[in-house]
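Participant: Before I ask anything, let me first share the structure, which is written out below as structure tokens.
Throughout, read-outs are computed from the coordinates displayed, never taken from laboratory work. Everything numeric in this text was worked out from a predicted model, so none of it was measured. A quick note on method: Cβ atoms are made from the backbone with ideal geometry, for glycine too, and the neighbour counts reach across all protein chains shown.
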Amino acid sequence: MRTTFLLAAFFAVLSFSGCNKPSEPASGKPSEPTSEKSSELTSAKAQSAISQVPAGGGTLNVFGVRSGSSDGTTIVDLKIVNFAYNNGTSLQKYTGPGTAEFQGYTDGRWVLTEIRLFDPGASMDALTFKFNIVVN
């Protein structure tokens, strides 16, 4: 309650002091609003997060970024080569397709939340690995 009041008071002071006006560069023209495109998940941004995943000597490369869904997630298609993982009893290596799921937030941040491997020889449809890696 106290925090809400303090925030409301802070914004009221900003409004009355004129701090909510757009800044004007030296040219005298008002600055343009920030483009929403800057918060899109690009292949390069996705690769920067995926490169932080320990691959056991293998590689995970972005093949393409699909358009986002209504729930804020974006799927990235991967090409995976010699990704090493432990299946609980032994060390396995995987080469083939995969996907990475990224969660988008309203402040423009993206977080890598999971990677799925699709192995037709496995008894499961997919192996899923959970992460929480913020895209830089």
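Participant: Would you mind calculating the gained length between ARG66 and ASP107 on full extension (0.36 nm times residue separation, minus the Cα-Cα distance), in nm to one decimal?
Facilitator: 12.7 nm
Participant: I need the semi-axes of the equivalent ellipsoid of region 39-134: take the C-alpha gyration tensor, multiply each eigenvalue by 5, square-root it, list largest first in whole angstrom.
Facilitator: They are 24, 13, 12 Å, listed largest first.
Participant: Rank the residues VAL65, VAL134, VAL76, VAL111 as a footprinting-exposure proxy: fewest other Cβ atoms within 10 Å of their Cβ go first.
Facilitator: By the 10 Å Cβ count, ascending, the order reads VAL134, VAL111, VAL65, VAL76.
Participant: Suppose each label sits 7 Å from its Cα in the direction of the beta carbon; what would the THR89-GLU114 distance come out to in nanometres?
Facilitator: Going from the THR89 label point to the GLU114 one covers 2.4 nm.
Participant: Return the FRET efficiency for the residue pair VAL81, SER39: r is the Cβ-Cβ distance, R0 is 25 Å, and the value is rounded to the nearest 0.05.
Facilitator: The formula returns an efficiency of 0.25 here.
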